[in-house]
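The values are calculated or read from the model by the stated rules, or taken from the named source; none is laboratory data. None of the values given here were measured: they were computed from a predicted structure. We place every Cβ from the backbone using ideal geometry, glycine too, and count neighbours over all the protein chains shown.
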Amino acid sequence: MQNDSDRFFVLTGGPGSGKTTLIEALRAEGFATAPEAGRGIIRDQTAIGGPALPWQDRALFAELMLSWELRSWHVARTEPGPVFFDRGAPDTIGYLRLCGLPVPDHVASAVRKFRYARRIFVAPPWPEIFTQDEERKQTLDEAERTFRSVTGVYAELGYELVPLPLAPVEERVRFVIAQAGLR
């Protein structure tokens, strides 16, 4: 792989579509991974009584998401091989658009500068596995709108969208490894 972006693989899509389960399975296979920003921020902000929550201050939540994703990108540079990201910086734009918020110039600049591998793995909505919890409060409809928003951003940025099969995690792992040209 010629540069960092060639080895940085993003998994994106709507909430509750199996991304995190797939990331955990890829980690179990020995690959480096970067965790999802949203859940981590929600956990931290809830623990400290912070305002950067999607149900409280969406713009601030988006700023923290971007910061998290850029830090993940830099940390990934220290890894010697491929890295799988549970979402990437462009997801921040998808979130802002979904919320009807403006996309600040620095966010647009960040997604142009901090690139990932050309092929982006997209987890389509999967109603059969979708659930809500303390951190995922979105409805299935919101999850589907999130899917459309984030995939639209990646397509606009010139990434190739590779839909994940609606299949058991083991099959998804094999699919991703093959499509990424690994092993």
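For the reader, a short list of remarks on this structure follows.
- Residue in the range 115-123 that is at pLDDT below 95 and in contact with a Ser or Thr (Cβ under 6 Å, 6 or more places away or on another chain) present: yes
- Some residue of the range 76-90 being more than 16 Å from Arg7 (Cα to Cα) and hydrophobic (A, V, I, L, M, F, W, C): no
- Being within 18 Å of Ala143 (Cβ to Cβ), crowded, with 17+ Cβ neighbours inside 10 Å, of a type in the set (D, E, K, R) and in contact (Cβ under 8 Å) with a residue 40 or more places away in the chain is a property that holds for Glu36.
- Residue within the range 17-32 that is of a type in the set (Asp, Glu), part of a helix (DSSP H, G or I) and touching a helix residue (DSSP H, G or I) at 6+ places or on another chain (Cβ under 7 Å) present: no
- Scan of the range 42-61 for residues that are part of a loop (DSSP other than H, G, I, E, B) and either touching a His at 6+ places or on another chain (Cβ under 6 Å) or surrounded by 11 or more Cβ atoms within 10 Å (Cβ to Cβ) (or both), ordered by number: Gly50, Ala52, Leu53, Pro54, Gln56, Asp57
- Given (1) exposed (fewer than 12 other Cβ atoms within 10 Å of the Cβ); (2) at pLDDT 95 or above; (3) assigned to a loop (DSSP other than H, G, I, E, B), number of the condition Ser109 does not satisfy: (3)
- Scanning the range 76-88 turns up one or more residues that are crowded, with 16+ Cβ neighbours inside 10 Å, of a type in the set (D, E, K, R) and under 24 Å from Ser149 (Cβ atoms).
- Checking Gly88 against (1) assigned to a helix (DSSP H, G or I); (2) at pLDDT 95 or above, the condition it does not meet: (1)
- Output for the range 54-66, where each listed residue is modelled with pLDDT of 95 or more and either of a type in the set (D, E, K, R) or in contact with a helix residue (DSSP H, G or I) (Cβ under 6 Å, 6 or more places away or on another chain) (or both): Asp57, Arg58, Ala62, Glu63, Leu64, Met65, Leu66
- Residue satisfying condition, being free of Cβ contacts under 8 Å to residues at least 60 places away in the same chain, of a type in the set (Val, Ile, Thr) and assigned to a helix (DSSP H, G or I), within set Val103, Val75: Val75
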